[in-house]
Amino acid sequence: MVNGLSDLKYSPIFHRIDGPDQRKNVAVEMVCKYIESGIPVILMLPGHAVTACGYVYDPDRNIQQKGPVVGFENWVKALIVHDDAVGPYRIMPVDETARADLVNSDVADLLMPEGWPERRIRNTTTKQIEGVIVPLPDKVYLTGDWVCRIARSLIDDRVIQQPVSIASKRGEQSPAKFLHALHADSDDRVVLRAYFLSAESFKASMRVAPLRGTMSPTVREHYQTVSMSRLIWVVELTLSDELQKQDEADRHVYGEVLLDSTASPYGPSFLSIHLPGVLFIQNLNSEGQITAIPLPDDKPYLYPRDFALNNPGGRSIKGVNRTTTVA
């Protein structure tokens, strides 16, 4: 399968998911990054394979991860998969609790059949995923399993947090709320949501709504002029109370980390870091030089696209307190 994808001019990667206790969160975390990027992912199950193309988002899900920084996958209730044996747009829940909820919904007929793909497994969930194959575009060397780790290390850096702290002490609301979620014993968490896209598309999004009207003009101006590789990773930074809002149109982003998709995970990969109240720009012409730009009264901005998989030709199925988007 990997060789076939290589013949089609992709750069496929294979991630083995080790240990049944890890499979639920690790697999979903990894898959969501690529689905958000518009890349279908092949999931290896016992004796079978399916293709993931979407997910079920639930704003009411409880956060499973510990700590002040968590991943977007905490709000994913199920993956949407194509299965050549049982049909397209099947729902693979992340656990038995999610499956029980979906059984009582108007999309219950899309659940994977009982005893499939193995009779000894009564209900298929993401826990059965043994490996993930991703058909990446050429020269994407920074893979999804690295980007949030890099983003976490950057926002944890005290030097990078210092301007946010200064803005907070000035009484600016967004930096204060962000730092409170990052450091205090708070119900709110900092949430990372990652995807990659072309630098051209990213810059184009700065010129139209909703970013044009809600993102800091200083940030937009610098993104238009900064040098970027052809493809970049975007790690959006938001707070958990934003993800718990029922209406997608009401959810905001507090900042973002931009990473060079062609960089090595072991070397400098970030292009910029936008935290509430400050923008850091990496000077590519001067190795190691970083410019910090204060952003007075920096406010959260509206998401540039739908929270679920962005596909204008897709079909949306709305249920109680959740939206399933199908490619």
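Highlighted here are the strands (runs of 3 or more DSSP E) found entirely within region 1-106 that include at least 1 residues which are at pLDDT below 85 and surrounded by fewer than 21 Cβ atoms within 10 Å (Cβ to Cβ): 11-16.
Yes/no per residue for (1) within 30 Å of I42 (Cβ to Cβ); (2) assigned to a loop (DSSP other than H, G, I, E, B); (3) touching a helix residue (DSSP H, G or I) at 6+ places or on another chain (Cβ under 8 Å):
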site: K139; (1), (2), (3): yes, yes, no
site: D145; (1), (2), (3): yes, no, yes
site: P175; (1), (2), (3): no, no, yes
site: K203; (1), (2), (3): no, no, yes
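Filtering V208, V219, V235 for residues that are under 30 Å from K139 (Cβ atoms) and either open to solvent by 10 Å² or more (accessible area, probe 1.4 Å) or of a type in the set (F, W, Y) (or both) leaves a single hit, V208.
Taking first residues from region 20-35 that are of a type in the set (A, V, I, L, M) and partners that are part of a helix (DSSP H, G or I) and at pLDDT below 80, no Cβ contact under 7 Å between residues at least 6 apart in sequence or on separate chains turns up. Any residue in region 282-295 that is part of a strand (DSSP E or B), of a type in the set (A, V, I, L, M) and at pLDDT below 75? No: zero hits.
Among the residues that make up region 184-191, is at least one of them surrounded by fewer than 18 Cβ atoms within 10 Å (Cβ to Cβ), within 23 Å of V69 (Cα to Cα) and in contact with a helix residue (DSSP H, G or I) (Cβ under 6 Å, 6 or more places away or on another chain)?
Checked against the condition, which is being surrounded by fewer than 18 Cβ atoms within 10 Å (Cβ to Cβ), within 23 Å of V69 (Cα to Cα) and in contact with a helix residue (DSSP H, G or I) (Cβ under 6 Å, 6 or more places away or on another chain), region 184-191 yields at least one hit.
Consider D138 carefully, then state whether it is open to solvent by 50 Å² or more (accessible area, probe 1.4 Å) and in contact with a strand residue (DSSP E or B) (Cβ under 7 Å, 6 or more places away or on another chain). In short, yes.
Does D260 satisfy being crowded, with 20+ Cβ neighbours inside 10 Å and more than 24 Å from V76 (Cα to Cα)? Yes; evaluated as a whole, the condition is true for this residue. Yes or no: G54 farther than 19 Å from I232 by Cα, in contact (Cβ under 8 Å) with a residue 24 or more places away in the chain and of a type outside the set (A, V, I, L, M)? So G54 fits the description; yes. Scanning region 144-196 for residues that are β-branched (V, I, T) and farther than 30 Å from A27 by Cα yields a count of 4.
Among the residues of region 144-170, those identified as touching a Pro at 6+ places or on another chain (Cβ under 9 Å), open to solvent by less than 70 Å² (accessible area, probe 1.4 Å) and at pLDDT 90 or above are W146, V147, I150, P163, V164, S165, A167, S168.
Taken together, V81, V103, V134, V86 contain a single residue that is without any contact (Cβ under 8 Å) to a residue 40 or more places away in the chain and under 14 Å from M44 (Cα atoms), which is V81. Residue count for region 107-135, restricted to those that are under 20 Å from D84 (Cβ atoms), open to solvent by 10 Å² or more (accessible area, probe 1.4 Å) and assigned to a helix (DSSP H, G or I): 3.
Looking across S240, S269, one residue alone is open to solvent by less than 60 Å² (accessible area, probe 1.4 Å), among the small types (G, A, S), closer than 30 Å to K169 by Cβ and within 21 Å of the chain's Cα centre (by Cα). It is S240. A single member of E242, E256, E236, E248 is among the acidic types (D, E) and without any contact (Cβ under 8 Å) to a residue 24 or more places away in the chain, and it is E256.
The values are calculated or read from the model by the stated rules, or taken from the named source; none is laboratory data. What you are looking at is a predicted structure, and each value in this text was computed from that prediction instead of being measured. Counting neighbours? That spans all protein chains shown, and the Cβs are built from the backbone with ideal geometry, glycine included. The protein model used for the area step is the full one, side chains on, heavy atoms only, and it has no ligands, DNA or RNA in it. Shrake-Rupley method; radii C 1.70, N 1.55, O 1.52, S 1.80 Å.
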